[in-house]
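Just so you know, all these numbers are worked out from the coordinates, no wet-lab data involved. On a predicted model such as this, the values are computed, not experimentally measured, just so you know. With ideal geometry, Cβ positions are generated from the backbone for all residues, glycine too; neighbour counts draw on all protein chains shown.
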Amino acid sequence: MKFDTSVLILVIVLLLGSCEDQAIPKPRAQMRLEYPEGASSPFETENFKFQYNQLATPNLDSENSFSLEYPEMKGAIFLTYIKVDSNLKKLIVDAKRLSYEHAAKADNIVEQPYVNPNKKIFGSLFEVQGNAASQSQFFVTDSTEHFLAGSVYFYVKPNYDSILPAAAYLQNDIRRIMETLEWK
């Protein structure tokens, strides 16, 4: 069997010529969103008080309905206060139903119970994961007189990956509201 050197040279040239780096397009960059930790400010009504983030602007819609607007994030926490009058079970069922209505678009809904017996505060925080309209919902009550419910909404089309930093930030602000809440 005779070996042809010209074929060997051709194979070597082809192998060496094919060893260049392939141009790989870079993935589209996403902005890293970081928000400063805002100082706390008191918010007070005739029925309750709590501490909220100073980066938010309170907006009173009515006596029992208001929002904390976050213009930099294009979002808000909407809050509604209701007096309990033998309707506690219905209020809790409605709050949970409202949270689980997002299940059609959500990837997951995580319910986190909150209990502070010293302040008589009982409730739940619902973290909605996925492209749902609201990323967080919550309610708190003292079980006898007061019921406060809230939700986070953004003024943009929900894209969970894009709004995740802002959603996590506002969820922490909801926790601050729940932890500093005091009934009157």
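Among the lysines of the range 43-183, pairs that are 8 or more positions apart or on different chains and have alpha carbons within less than 14 Å of each other number 4. How high is the FRET efficiency from residue 64 to residue 100, r the C-beta distance, R0 22 Å, rounded to 0.05? That pair, residue 64 with residue 100, gives E of 0.40. Neighbour counts of C-beta atoms inside 10 Å place 164, 148, 181, 91 in the sequence 164, 91, 181, 148, starting with the fewest. Taking GluC sites (Glu not before Pro) across the range 44-77, the ones in a DSSP loop with at most 11 further Cβ atoms lying within 10 angstrom of their Cβ are 46, 63. Across the alpha-carbon set of the range 43-183, the Rg to Rh ratio works out to 0.94, Rh being the Kirkwood radius. Placing +1 on the Cβ of every Lys and Arg and -1 on the Cβ of every Asp and Glu, with nothing else charged, gives the chain a dipole about its Cα centre of roughly 320 debye.
Looking at the square roots a ≥ b ≥ c of the eigenvalues of the Cα gyration tensor of the range 57-118, which shape do they give, rounded for a/c under 1.5, prolate if a/b is larger than b/c, or oblate? Since a/c reaches 1.5 but b/c is at least a/b, the shape of the range 57-118 is classed as oblate. From the residues 108, 168, 40, which one has its Cα farthest along the dipole of the chain in the positive direction, the dipole being from +1 and -1 charges on Cβ of Lys/Arg and Asp/Glu about the Cα centre? Of the listed residues, the answer is 108. Listed from fewest to most Cβ neighbours within 10 Å, the set 122, 138 follows the order 122, 138.
For the range 80-184, GluC sites (Glu not before Pro) are listed when DSSP marks them as loop and at most 16 other Cβ atoms sit within 10 Å of their Cβ; the list is 145. When the label point is put 7 Å from the Cα of residue 122 along its Cα-to-beta-carbon vector, which residues of the range 150-166 have a backbone N closer than 20 Å? Correct set: 150. Counting only DSSP H runs of at least 4 residues, each contributing -39500 (n - 2.57), and dividing by the residue count of the chain, the helix-based mean residue ellipticity at 222 nm comes to -8500 deg cm²/dmol.
Maximal additional length on extending the residue 93-residue 115 stretch stands at 6.2 nm, based on 0.36 nm per residue less the C-alpha distance. Summary value for the chain: 21 percent relative contact order, contacts being C-alpha pairs under 8 angstrom separated by 6+ residues. The Cα center of the range 32-86 and the Cα center of the range 152-171 differ in position by 16 Å.
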